[in-house]
Amino acid sequence: MDARFLGITDLTEAPSVAVVVDVMRAFTVAAWAFAQGAEKIVLAESLDEALALKARHPDWMALKDGPPAPGFDTVNSPGLLRSIDFGGRTVVQKTTAGTVGALAVKESSLVLCASFVVAEATARLLRTRGSDSVTFVVTGEEGRADEDLACAQYIARRVTEAETDAAAFLRRAADSRAAAELAEGVRQGVHPDDVALCLEVDRFPFAMVATMEDSLMVLRPHAMPSPTGENPRASADIR
Ligand SMILES: O=C(O)[C@H](CS(=O)(=O)O)OP(=O)(O)O
Ligand SMILES: [Mg+2]
(Lines give C-alpha, C1' and ligand atoms only; values in the text may rest on other atoms or scores of the structure.)
(Ligands and ions follow the chains in the order given, each with its own letter.)
Protein backbone atom coordinates (compact mmCIF):
# COMPACT_ATOMS: atom_id res chain seq x y z
CA MET A 1 0.00 0.00 0.00
CA ASP A 2 1.28 3.43 -0.96
CA ALA A 3 0.71 5.71 2.06
CA ARG A 4 1.05 9.50 1.98
CA PHE A 5 0.97 11.67 5.10
CA LEU A 6 -0.22 15.22 4.50
CA GLY A 7 -1.31 18.17 6.59
CA ILE A 8 -4.64 19.78 5.83
CA THR A 9 -3.08 22.67 3.92
CA ASP A 10 -0.92 20.27 1.87
CA LEU A 11 -3.99 18.77 0.22
CA THR A 12 -4.10 20.04 -3.35
CA GLU A 13 -6.89 17.73 -4.50
CA ALA A 14 -9.21 15.22 -2.90
CA PRO A 15 -7.46 11.84 -2.69
CA SER A 16 -9.47 8.77 -3.59
CA VAL A 17 -9.06 7.24 -0.14
CA ALA A 18 -8.47 9.50 2.86
CA VAL A 19 -7.91 8.58 6.50
CA VAL A 20 -8.27 11.71 8.62
CA VAL A 21 -6.43 11.33 11.91
CA ASP A 22 -7.09 13.34 15.06
CA VAL A 23 -6.00 11.53 18.22
CA MET A 24 -6.33 14.48 20.61
CA ARG A 25 -9.13 14.71 20.57
CA ALA A 26 -11.79 14.92 17.88
CA PHE A 27 -11.83 11.34 16.63
CA THR A 28 -11.30 9.79 20.02
CA VAL A 29 -14.32 11.82 21.11
CA ALA A 30 -16.32 10.75 18.05
CA ALA A 31 -15.64 7.09 18.81
CA TRP A 32 -16.73 7.58 22.41
CA ALA A 33 -19.93 9.28 21.26
CA PHE A 34 -20.75 6.22 19.14
CA ALA A 35 -19.87 3.92 22.03
CA GLN A 36 -22.27 5.93 24.16
CA GLY A 37 -25.04 5.35 21.60
CA ALA A 38 -24.89 8.23 19.12
CA GLU A 39 -26.46 7.32 15.79
CA LYS A 40 -24.43 9.72 13.67
CA ILE A 41 -22.15 12.74 13.90
CA VAL A 42 -22.57 15.72 11.61
CA LEU A 43 -19.23 17.46 11.04
CA ALA A 44 -19.96 21.17 11.06
CA GLU A 45 -18.07 23.76 9.01
CA SER A 46 -18.30 26.42 11.73
CA LEU A 47 -19.60 27.12 15.21
CA ASP A 48 -22.43 29.12 13.63
CA GLU A 49 -23.39 26.20 11.44
CA ALA A 50 -23.34 23.87 14.45
CA LEU A 51 -25.70 26.14 16.34
CA ALA A 52 -27.94 26.62 13.28
CA LEU A 53 -28.21 22.85 12.83
CA LYS A 54 -29.12 22.42 16.46
CA ALA A 55 -31.71 25.20 16.22
CA ARG A 56 -33.26 23.38 13.26
CA HIS A 57 -33.08 20.02 15.06
CA PRO A 58 -33.61 20.65 18.79
CA ASP A 59 -33.07 16.97 19.62
CA TRP A 60 -29.54 17.02 18.18
CA MET A 61 -26.60 17.55 20.54
CA ALA A 62 -23.80 19.97 19.69
CA LEU A 63 -20.22 19.74 20.86
CA LYS A 64 -17.22 21.98 20.30
CA ASP A 65 -13.61 22.10 21.44
CA GLY A 66 -12.34 24.61 23.97
CA PRO A 67 -14.44 25.75 26.92
CA PRO A 68 -18.19 25.15 27.28
CA ALA A 69 -20.28 27.71 25.40
CA PRO A 70 -23.96 28.69 25.26
CA GLY A 71 -25.96 26.52 22.87
CA PHE A 72 -23.49 23.64 23.02
CA ASP A 73 -24.32 20.55 25.04
CA THR A 74 -20.80 19.39 25.73
CA VAL A 75 -17.12 19.76 24.82
CA ASN A 76 -14.50 17.79 22.91
CA SER A 77 -13.37 15.61 25.80
CA PRO A 78 -13.58 11.80 25.89
CA GLY A 79 -13.38 11.87 29.68
CA LEU A 80 -16.38 14.15 29.93
CA LEU A 81 -18.34 12.35 27.20
CA ARG A 82 -18.08 9.00 28.94
CA SER A 83 -20.92 9.84 31.29
CA ILE A 84 -23.31 11.14 28.63
CA ASP A 85 -26.02 8.94 27.17
CA PHE A 86 -26.17 9.67 23.45
CA GLY A 87 -28.67 6.85 22.79
CA GLY A 88 -30.02 7.28 19.24
CA ARG A 89 -29.00 10.94 19.09
CA THR A 90 -27.39 12.92 16.32
CA VAL A 91 -24.31 14.82 17.46
CA VAL A 92 -22.98 17.92 15.71
CA GLN A 93 -19.21 18.27 16.17
CA LYS A 94 -17.00 21.28 15.39
CA THR A 95 -13.34 21.32 16.40
CA THR A 96 -10.19 23.17 15.41
CA ALA A 97 -8.41 20.39 13.55
CA GLY A 98 -10.27 17.07 13.21
CA THR A 99 -13.54 18.20 11.70
CA VAL A 100 -11.71 20.70 9.46
CA GLY A 101 -9.51 17.88 8.14
CA ALA A 102 -12.49 15.68 7.33
CA LEU A 103 -14.32 18.48 5.54
CA ALA A 104 -11.18 19.15 3.48
CA VAL A 105 -11.53 15.72 1.84
CA LYS A 106 -15.29 15.59 1.50
CA GLU A 107 -14.93 14.97 -2.25
CA SER A 108 -12.93 11.77 -1.66
CA SER A 109 -14.66 8.52 -2.50
CA LEU A 110 -13.80 6.98 0.88
CA VAL A 111 -13.21 9.04 4.03
CA LEU A 112 -12.35 7.34 7.32
CA CYS A 113 -11.87 9.32 10.52
CA ALA A 114 -9.45 7.67 12.91
CA SER A 115 -7.50 7.66 16.14
CA PHE A 116 -5.82 4.98 18.23
CA VAL A 117 -9.10 3.76 19.73
CA VAL A 118 -10.27 2.56 16.29
CA ALA A 119 -6.85 1.74 14.79
CA GLU A 120 -7.28 -1.95 14.04
CA ALA A 121 -10.83 -1.57 12.72
CA THR A 122 -9.61 1.22 10.43
CA ALA A 123 -6.65 -0.84 9.23
CA ARG A 124 -8.90 -3.85 8.69
CA LEU A 125 -11.33 -1.84 6.61
CA LEU A 126 -8.48 -0.59 4.41
CA ARG A 127 -7.14 -4.13 4.14
CA THR A 128 -10.55 -5.54 3.25
CA ARG A 129 -11.10 -2.87 0.65
CA GLY A 130 -7.67 -3.54 -0.88
CA SER A 131 -6.80 0.16 -1.17
CA ASP A 132 -3.38 0.46 -2.80
CA SER A 133 -3.05 4.20 -2.27
CA VAL A 134 -4.15 5.91 0.93
CA THR A 135 -3.70 9.52 2.01
CA PHE A 136 -3.50 10.05 5.75
CA VAL A 137 -4.51 13.56 6.75
CA VAL A 138 -2.44 14.53 9.79
CA THR A 139 -4.78 17.16 11.17
CA GLY A 140 -2.80 18.78 13.99
CA GLU A 141 -0.10 21.43 13.80
CA GLU A 142 -0.12 21.71 9.99
CA GLY A 143 0.69 18.06 9.56
CA ARG A 144 3.39 17.94 12.23
CA ALA A 145 1.37 16.89 15.30
CA ASP A 146 3.25 13.79 16.40
CA GLU A 147 0.25 12.15 18.08
CA ASP A 148 -1.59 12.24 14.74
CA LEU A 149 1.42 11.31 12.61
CA ALA A 150 2.33 8.42 14.92
CA CYS A 151 -1.22 7.09 14.78
CA ALA A 152 -1.38 7.48 11.00
CA GLN A 153 1.92 5.63 10.58
CA TYR A 154 0.77 2.92 12.98
CA ILE A 155 -2.47 2.36 11.06
CA ALA A 156 -0.61 2.35 7.74
CA ARG A 157 1.84 -0.24 9.06
CA ARG A 158 -0.95 -2.30 10.53
CA VAL A 159 -2.70 -2.57 7.16
CA THR A 160 0.15 -4.73 5.92
CA GLU A 161 1.61 -6.03 9.19
CA ALA A 162 -1.16 -7.06 11.56
CA GLU A 163 1.29 -7.83 14.36
CA THR A 164 2.79 -4.32 14.48
CA ASP A 165 3.65 -3.34 18.06
CA ALA A 166 1.92 -0.14 19.10
CA ALA A 167 4.31 0.75 21.93
CA ALA A 168 6.72 3.05 20.09
CA PHE A 169 3.89 4.86 18.31
CA LEU A 170 2.02 5.37 21.58
CA ARG A 171 5.15 6.70 23.23
CA ARG A 172 5.44 9.39 20.56
CA ALA A 173 1.80 10.34 21.08
CA ALA A 174 2.29 10.43 24.85
CA ASP A 175 5.28 12.74 24.36
CA SER A 176 3.46 15.05 21.93
CA ARG A 177 2.81 18.72 22.45
CA ALA A 178 -0.95 18.05 22.49
CA ALA A 179 -0.59 15.54 25.32
CA ALA A 180 1.49 18.01 27.32
CA GLU A 181 -1.00 20.81 26.72
CA LEU A 182 -3.90 18.63 27.80
CA ALA A 183 -2.03 17.50 30.91
CA GLU A 184 -0.85 20.99 31.84
CA GLY A 185 -4.26 22.63 31.48
CA VAL A 186 -3.23 24.76 28.48
CA ARG A 187 -6.24 23.43 26.56
CA GLN A 188 -9.74 23.97 27.84
CA GLY A 189 -12.70 21.64 28.18
CA VAL A 190 -10.46 18.88 29.52
CA HIS A 191 -10.98 15.89 31.81
CA PRO A 192 -7.92 14.49 33.65
CA ASP A 193 -8.36 11.14 31.89
CA ASP A 194 -8.34 12.59 28.37
CA VAL A 195 -4.76 11.77 27.42
CA ALA A 196 -5.01 8.20 28.72
CA LEU A 197 -8.29 7.68 26.88
CA CYS A 198 -6.73 8.97 23.66
CA LEU A 199 -3.92 6.43 23.99
CA GLU A 200 -6.09 3.30 24.29
CA VAL A 201 -5.39 1.15 21.26
CA ASP A 202 -8.37 -0.66 19.71
CA ARG A 203 -10.79 0.28 22.46
CA PHE A 204 -13.61 0.09 19.90
CA PRO A 205 -14.27 -2.50 17.19
CA PHE A 206 -15.62 -0.14 14.56
CA ALA A 207 -14.12 2.14 11.94
CA MET A 208 -15.70 5.53 11.30
CA VAL A 209 -16.84 6.39 7.78
CA ALA A 210 -17.81 9.88 6.68
CA THR A 211 -20.11 10.40 3.71
CA MET A 212 -22.06 13.31 2.28
CA GLU A 213 -25.75 13.19 3.14
CA ASP A 214 -27.93 16.06 1.89
CA SER A 215 -24.93 18.38 1.71
CA LEU A 216 -23.80 17.57 5.26
CA MET A 217 -20.75 15.47 6.07
CA VAL A 218 -21.96 12.68 8.30
CA LEU A 219 -19.81 10.27 10.27
CA ARG A 220 -21.11 6.82 11.18
CA PRO A 221 -19.57 3.77 12.83
CA HIS A 222 -18.80 0.87 10.55
CA ALA A 223 -18.61 -2.44 12.36
CA MET A 224 -15.47 -4.44 11.61
CA PRO A 225 -15.98 -7.75 13.41
CA SER A 226 -12.74 -9.31 14.52
CA PRO A 227 -11.76 -12.76 13.27
CA THR A 228 -12.69 -14.02 16.74
CA GLY A 229 -16.33 -13.29 15.95
CA GLU A 230 -17.18 -10.20 18.02
CA ASN A 231 -20.00 -8.41 16.27
CA PRO A 232 -20.33 -4.77 17.30
CA ARG A 233 -23.34 -2.67 16.44
CA ALA A 234 -23.84 -0.25 13.60
CA SER A 235 -22.59 0.19 10.10
CA ALA A 236 -22.38 2.74 7.33
CA ASP A 237 -22.44 2.22 3.59
CA ILE A 238 -19.15 2.59 1.82
CA ARG A 239 -19.26 4.04 -1.65
O1 LIG B 1 -10.00 19.75 21.46
C2 LIG B 1 -8.83 19.66 21.07
O3 LIG B 1 -7.99 18.98 21.67
C4 LIG B 1 -8.40 20.40 19.80
C5 LIG B 1 -8.56 21.87 19.95
S6 LIG B 1 -7.47 22.71 20.90
O7 LIG B 1 -6.13 22.43 20.37
O8 LIG B 1 -7.67 22.25 22.28
O9 LIG B 1 -7.82 24.13 20.78
O10 LIG B 1 -9.23 20.12 18.73
P11 LIG B 1 -9.07 18.88 17.75
O12 LIG B 1 -9.76 19.26 16.48
O13 LIG B 1 -9.77 17.76 18.44
O14 LIG B 1 -7.61 18.64 17.58
MG1 LIG C 1 -6.00 17.22 17.52
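Within region 29-73, restricting attention to residues that are of a type in the set (Asp, Glu) and more than 13 Å from ligand 1 (Cβ to nearest atom), which residue is surrounded by the fewest Cβ atoms within 10 Å (Cβ to Cβ)?
Among those residues, the one meeting the criterion is Asp59.
Being within 16 Å of ligand 2 (Cβ to nearest atom), surrounded by fewer than 24 Cβ atoms within 10 Å (Cβ to Cβ) and assigned to a helix (DSSP H, G or I) is the filter here, so list the residues in region 1-28 that pass it.
Across region 1-28, the qualifying residues are Ile8, Thr9.
Would you list the strands (runs of 3 or more DSSP E) that sit entirely within region 85-190 and hold 3 or more residues that are over 22 Å from Trp32 (Cα atoms) and modelled with pLDDT of 95 or more?
On the way: elements: 90-94, 110-114, 133-138.
It comes to 133-138.
For residues that are within 16 Å of ligand 1 (Cβ to nearest atom) and either among the aromatic types (Phe, Trp, Tyr) or surrounded by fewer than 24 Cβ atoms within 10 Å (Cβ to Cβ) (or both), tally how many sit in region 120-144.
Matching residues across region 120-144 total 5.
Please specify each residue of region 88-102 satisfying the condition of being open to solvent by less than 20 Å² (accessible area, probe 1.4 Å) and touching a strand residue (DSSP E or B) at 6+ places or on another chain (Cβ under 6 Å).
Passing the criteria: Thr90, Val91, Val92, Gln93, Thr99, Gly101, Ala102.
Here's a check for you: in region 163-185, which residue that is open to solvent by less than 60 Å² (accessible area, probe 1.4 Å) and within 27 Å of Thr128 (Cβ to Cβ) is nearest to ligand 2 (Cβ to nearest atom)?
Among those residues, the one meeting the criterion is Ala173.
The values are calculated or read from the model by the stated rules, or taken from the named source; none is laboratory data. In this text the structure is predicted, and so the values were computed from the model without any measurement. Positions of Cβ are generated from backbone atoms using ideal geometry, with glycine treated the same way; all protein chains shown enter the neighbour counts. What goes into the accessible areas is simple: the full protein's heavy atoms, side chains included, and nothing from ligands, DNA or RNA. Shrake-Rupley method; radii C 1.70, N 1.55, O 1.52, S 1.80 Å.
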